[in-house]
Amino acid sequence: MIRATTVALITIVPGAALAQVPYNRLVNADSEPHHWLTYSGNYASHRFSQLAEINTTNVHRLRVEWAYQVSGGSLIETTPVVVDGVMYLTEPPSTVTALDARTGQRIWRWSADVPEDVKHIGFPIVNRGVAILDETIFVGTMHAHLVALDMHTGAVKWDVTVGDNDLGFALTLAPLAIDGKVIVGVSGAEAGVRGFIDAYDAETGDLAWRRYTVPSPGEPGSDTWGGDSWRTGGGSTWLTGSFDPDLNLLYWMIGNPAPDWNGDERAGDNLYTCSILALNPDTGEIVWYFQFTAHDTHDWDANQIPILLDAEIDGRERKLVVTANRNAFYYVLDRETGEFIRGREYSKQTWSDGLDANGKHLVRPNTEPTFDGTLVWPSLQGATNWFSPSYSPTTGLFYVAVRQMGSVYFKGEAEYEPGKPFLGGGEQAMSGDDASGAVRALNALTGERMWDFDLLSPPWAGVMATAGGLVFGGSNEGNLFALDATSGEPLWDFYAGAAARSNPMSFGIDGKQYVVMPAGRVVYVFGLGPAN
């Protein structure tokens, strides 16, 4: 097993010894774009870099400045955080490494005590990143712990158990740090856990509140679950949420119900699975919710990043939350009230005849899984998945990596056994020539398709837009690329030789912009080479 150790190796990074990231820095992250302070770049989750040194006229000069090879043998899905000359990234299964952002030289490295037989039912052994607040780094582990580390040394400040890994709980997400609290969600729906979102005191690790995503009898929404099915109802919360400091609302996306493909024992809409919850971050109270897929039997988690933006809709200024859902529909909601404003199909789907005035699906008959199998688009992996979209306030476009794939869905028997798969069936994806992918640009206010950049296979890497007029992404075939943000025209590519399975990000140091894009087991850091 990997021991809980910290190894301090080295060097003094200019400015790092005095580095601190108080809450007001996180709120105002857009004012210092040379840093990347949260998983999605800012609380609104734009994954947009305001740095413009690298742009459409010179992106062809990008070259590798340095590269870091991770030690774990699993997938790299991390997005690094960069602050005051130091890069903090995670390595699978549950390691945090601090690097000199100028050179890639290791400063310190901490590894959790993860058992070799750690349970990961329904998901790979991954870690998507850290959160930072004041002088502390926060990380979740595969065996469902939340750990606070000193940002300068990697020393453990506190370590709390969030869930029981023997039952299937794990933490694969990057935590979200807000004012005095750290918010985390859990993986584990495929083991029949009852999902929740937790808030912990950033100083002490004490639990501040827990919000279950499947209501118990007597709670609002409990009537949407048949019998005792709520006890093993799923509703994982395994991807980082977004936050509006002005409204004081936390937005978190909720995963699929359990069992995945057999809904016989869980009659009803199965709230709050496949939904977005707007929570009071002080108490965990649900302020509003919106369900994207009622009574899901295709494993269409709503675990995609929600993006917050302000815009005029029908002559009225609105505070919006927008998302491209795994079920192949794009949604525009009022983020103050949860009101459905607009929605439309953004990728091939065969299960819905559209949305009614309240955003509820008009489900086509004969699209449920059967014992003989039912072909439905999209596949269980969805029209998109966990990897991040991006929003550019410059172009007004929403960029998303799209998976175009169908599946034959099979229904099966479902009997719950603690710590075992609780699936109720399975699926056979239509791969090969029947599957493809694209980076797709949508009008952020309507979901209208503006352009496509076609990919050979359904992608597993996210995208990042920049003020330099670019969109960065990656493919399964090992290509990292940059597109014109307005037209989708390819402007640069780099063959990494291994699949891209993470999200791009950008930072600046000493007046120079860098773009970070992992592929295979390597984190590549690109910068501009000399002009010819």
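The values are calculated or read from the model by the stated rules, or taken from the named source; none is laboratory data. The model shown is predicted, which means the values in this text are computed figures rather than measured ones. Note that each Cβ is placed from the backbone with ideal geometry, even for glycine, and that neighbours are counted across all protein chains shown.
Details
- Qualifying residue in region 96-103 (condition: touching a Lys or Arg at 6+ places or on another chain (Cβ under 8 Å), within 22 Å of H34 (Cβ to Cβ), part of a loop (DSSP other than H, G, I, E, B) and touching a residue at least 40 places away in the same chain (Cβ under 8 Å)): no
- Among residues of region 393-406, those that are crowded, with 24+ Cβ neighbours inside 10 Å, small (G, A, S) and over 14 Å from the mean Cα position of the chain (by Cα), counted: 0
- Taking the criterion of being of a type in the set (S, T, N, Q) and either in a helix (DSSP H, G or I) or closer than 22 Å to E285 by Cα (or both), the only residue of region 168-196 that qualifies is S187.
- Matching residues in region 215-263 - criterion: being touching a residue at least 60 places away in the same chain (Cβ under 8 Å) and acidic (D, E): D244, D260
- Qualifying residue in region 283-298 (condition: farther than 30 Å from N42 by Cα and either free of Cβ contacts under 8 Å to residues at least 60 places away in the same chain or within 18 Å of the chain's Cα centre (by Cα) (or both)): yes
- Within region 120-144, the set of residues being surrounded by fewer than 24 Cβ atoms within 10 Å (Cβ to Cβ) and closer than 21 Å to S71 by Cα comprises H120, F123, P124, I125.
- Those residues of region 6-35 which are modelled with pLDDT of 60 or more and touching a Ser or Thr at 6+ places or on another chain (Cβ under 7 Å), in sequence order: L26, A29, P33
- Search result, residues across region 197-235 that are of a type in the set (G, A, S) and either assigned to a loop (DSSP other than H, G, I, E, B) or under 26 Å from the mean Cα position of the chain (by Cα) (or both): A199, A202, G205, A208, S216, G218, G221, G226, G227, G233, G234, G235
- Residues of region 225-237 classified as surrounded by 16 or more Cβ atoms within 10 Å (Cβ to Cβ) and either within 14 Å of A199 (Cα to Cα) or charged (D, E, K, R) (or both), total: 1
- Note on region 415-462: among residues that are touching a Leu at 6+ places or on another chain (Cβ under 7 Å), surrounded by 19 or more Cβ atoms within 10 Å (Cβ to Cβ) and not β-branched (V, I, T), the one that is nearest to L167 (Cα to Cα) is E427.
- Among the residues of region 386-445, those identified as among the aromatic types (F, W, Y) and closer than 24 Å to F329 by Cα are W386, F387, Y391, F398, Y399, Y409, F410.
- Listed by position, the strands (runs of 3 or more DSSP E) enclosed by region 236-331 that each have at least 2 residues that are farther than 26 Å from G140 by Cα, modelled with pLDDT of 95 or more and touching a strand residue (DSSP E or B) at 6+ places or on another chain (Cβ under 8 Å) are 286-291, 307-313, 316-324.
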